[in-house]
Every structure is written in C-alpha cells, then in structure tokens.
1. Taking the stretch 275-284, which residues are touching a helix residue (DSSP H, G or I) at 6+ places or on another chain (Cβ under 9 Å) and under 30 Å from Pro324 (Cβ atoms)?
2. Among the numbered conditions (1) free of Cβ contacts under 8 Å to residues at least 24 places away in the same chain; (2) over 17 Å from the mean Cα position of the chain (by Cα), tell me where Val305 comes up short.
3. Filter the stretch 108-129 down to the residues that are farther than 18 Å from Arg271 by Cα and crowded, with 20+ Cβ neighbours inside 10 Å and list them by number.
4. What residue, of Gly241, Gly326, Gly295, Gly227, is more than 16 Å from the chain's Cα centre (by Cα) and modelled with pLDDT of 90 or more?
5. Taking the options Ala274, Ala278, Ala316, Ala285, name whichever one is closer than 22 Å to Val120 by Cβ, loosely packed, with under 12 Cβ neighbours inside 10 Å and under 18 Å from the mean Cα position of the chain (by Cα).
6. Could you grab me the full set of residues in the stretch 190-218 that are touching a strand residue (DSSP E or B) at 6+ places or on another chain (Cβ under 8 Å) and without any contact (Cβ under 8 Å) to a residue 24 or more places away in the chain?
7. Is it the case that Val96 is touching a strand residue (DSSP E or B) at 6+ places or on another chain (Cβ under 6 Å), among the β-branched types (Val, Ile, Thr) and in a loop (DSSP other than H, G, I, E, B)?
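The values are calculated or read from the model by the stated rules, or taken from the named source; none is laboratory data. Please read all numbers here as calculations on a predicted model, not as lab measurements. As a convention, Cβ positions derive from the backbone with ideal geometry for all residues, glycine included, and neighbour counts pool all protein chains shown.
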Amino acid sequence: MTRTAQAFWLATPGEGEIREVALPDPGPDEVLVRTLHSGVSRGTETLVFRGGVPESQHAAMRAPFQEGDFPAPVKYGYLSVGVVEQGPAHLVGRTVFCLYPHQTHYVVPVEAVTVVPASVPPSRAVLAGTVETALNALWDAAPLVGDRIAVVGAGMVGASVAAILSRFPAAKVQLVDADPARAGVARALGVEFTLPADATGDCDLVVHASATSAGLTRSLELLAAEGTVIELSWYGDRQVGVPLGEFFHSRRLTIRSSQVGGIAPARRGRRSYADRLAVALDLLADPVFDTLLTGESDFAELPSVLPRLAGGELAAMCHLITYPTGE
C-alpha cells in the first residue's frame, strides 16, 4: 500500500492548499520523519506567498527540499521539527530539525536532519534556522567587547540577533523598531528598546533587519564614523532607496550583506553547515527564545493562516504550526 502524507502547497500567489503526496519507503541512508511542529518565517514565507520572489533570484531562493518553482505552484518552507519513525537505530525515536516544507511526514537523507538537544523543546527548535541566520550575521559582523550596537527591526531575525547580543560582554545593545509594542520583546530579551527617532547614534555596529528603506536609512544615520551596517533584510522584488550622498562618503560608512546560504568568511573553512546549526540549537536551550513564538495554528489551518500573516492581520514573528499526533 502506498504511504501518503499531507503537504501545504502555494497553488497560486496568494492562495495555498493542502495536498496529498506520496511518500517513498526510506532507503538505508534515509529517515522517515513524523512532523511535530513547523514554523512560518513571516518575512520570507509571506514574500513567497504573495509571489514576490524576483525572477533573477528564483534559483538562489530555492529551499533545500522545495518542490515546484516560483512563483507557483510551489511547496516551500524550511523550519520543521519531528520524530524519526524509521531509519538507523541511533536515530529512531529522536527529535530532529530539518529544513523541510510544511508536511505531516517526509523522507530525507540522514545527513539532512540534526538531532535536537534534550534541553530544547520541539516547539522552540523550529527557530533553529532563524537563529542560525542570526549567528552567521554575527560571524560576519564580528562585534567587539564593549561595542555600541543597534539592531534595527524587531522581527524574527532581528530579535534573534538581539537575543544573542544580549549575552555579549559589556556591549550596549538597543533594539529599534517603529512598533511600540515590540518594547515587550526587547524587555524579554534583556536589551534596551527604542523607537527609530529616539535611537542613540554613534554606534560601532548596526544590524539591519526591518526590510524597509526607512530602516536602512536610519541604520546608516546611527553609525559612528567608519562604522558598518550588516544588512540582513530580504526585499524580494521591491526597490530600495538609500542615501549614499549626504554623510555616507564623508563618514566612510559600510553596508555589508549577510546571508545564511554561505558560511561567513570569518569562519569559512573552520566551521561546516552542520557545526553552525549545532551552535544555533545549543543557543536555543535558553527559554528567552520562546519570545519569538508569537502565535500557533493547526496544520489544517495553514491555507487560511498564511493570507492573514501576509496581510498583517496576524502580527507574528514566528508562527508555530502544530501537527496531528498518531498519524
């Protein structure tokens, strides 16, 4: 009898659906995973949902186990946590993280899953991919002890960066966002909160993650001379205006991109992708990261949840998807 699973597909931009998919039997070097939770990364996944991936980036934006092509139909996602039901003996029964789309069960190579430490609850472990992005950005940024740092944009990625920086020795960290409600996020993470107009300048480093032109402009304004903005935002097909006149040249400022698809040069050759993900999962032992899980829905609700996330009706950071048990 053919084994099947349920998967979420973007049928056409702005419209998703649950489809039945066939599952292969796992081979000797594969595992069958039953999903416990997946996470919706509000920034990237809602951009994909509305069909906003530019044609020039269709290949670069492919998720590891994506099916279909942009703009649609496409099966997209990359924050999945489940239990291994079949596979090598040392993995059966273990909770694992995988860069897989939203699907009730799936079969992947053994090397595609990472065991979640016992200290990390499965629901929090869906953040591993996002915390890995934040970790890579800080490898790119290389902050120093005592730095004055601003993180502009208190969404899922920005908050992850701030959470890691809150542990950094003697650093003065401010989380900057236009939404006053994000003050509670900053307070939970143990960093200062400020609205853009009130942010303190003369920063040694600014990490930008608001995905807005206004946020990037404010990031440049907050820098001290010869300071650097680490750009983490993904704008998709939107055009971005940046004030490269005015003070940009006279203060010798730098804008540097950071993207999780490659290991930061500072650690390239010394750390593998598996090493980086393992560090991210170790960081998630801290319950402060639960602050980033700002909503929860059942898997069957995904077709109605994503339009609400994309439209801003659900002001989520990471929206947790919970799967039926015993299937």
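1. Of all residues in the stretch 275-284, those touching a helix residue (DSSP H, G or I) at 6+ places or on another chain (Cβ under 9 Å) come to 276-277, 279-281, 283-284.
Within the stretch 275-284, Leu277, Ala280, Leu281, Leu283, Leu284 qualify.
2. Here Val305 meets the rest and fails (1).
3. Passing the criteria: Val108, Val116, Val120, Arg124, Ala125, Val126, Leu127.
4. Working: Gly241 fails: modelled with pLDDT of 90 or more; Gly326 fails: modelled with pLDDT of 90 or more; Gly295 fails: more than 16 Å from the chain's Cα centre (by Cα).
Being more than 16 Å from the chain's Cα centre (by Cα) and modelled with pLDDT of 90 or more holds for just one of Gly241, Gly326, Gly295, Gly227, which is Gly227.
5. Numbers: Ala278 fails: loosely packed, with under 12 Cβ neighbours inside 10 Å; Ala316 fails: loosely packed, with under 12 Cβ neighbours inside 10 Å; Ala285 fails: loosely packed, with under 12 Cβ neighbours inside 10 Å.
Being closer than 22 Å to Val120 by Cβ, loosely packed, with under 12 Cβ neighbours inside 10 Å and under 18 Å from the mean Cα position of the chain (by Cα) holds for just one of Ala274, Ala278, Ala316, Ala285, which is Ala274.
6. At the first step, the residues of the stretch 190-218 found to be touching a strand residue (DSSP E or B) at 6+ places or on another chain (Cβ under 8 Å) are 191-196, 199-210, 215-216, 218.
Glu192, Thr194, Leu195, Gly201, listed by residue number.
7. Working: touching a strand residue (DSSP E or B) at 6+ places or on another chain (Cβ under 6 Å): yes; among the β-branched types (Val, Ile, Thr): yes; in a loop (DSSP other than H, G, I, E, B): no.
For Val96, the condition - touching a strand residue (DSSP E or B) at 6+ places or on another chain (Cβ under 6 Å), among the β-branched types (Val, Ile, Thr) and in a loop (DSSP other than H, G, I, E, B) - is not met.
Residues are listed down the side, and each one gets a yes or a no for (1) assigned to a loop (DSSP other than H, G, I, E, B); (2) surrounded by 15 or more Cβ atoms within 10 Å (Cβ to Cβ):
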position: Ala5; (1), (2): no, yes
position: Ile18; (1), (2): no, yes
position: Gly27; (1), (2): yes, no
position: Thr46; (1), (2): no, yes
position: Tyr78; (1), (2): yes, yes
position: Ala89; (1), (2): yes, no
position: Pro101; (1), (2): yes, yes
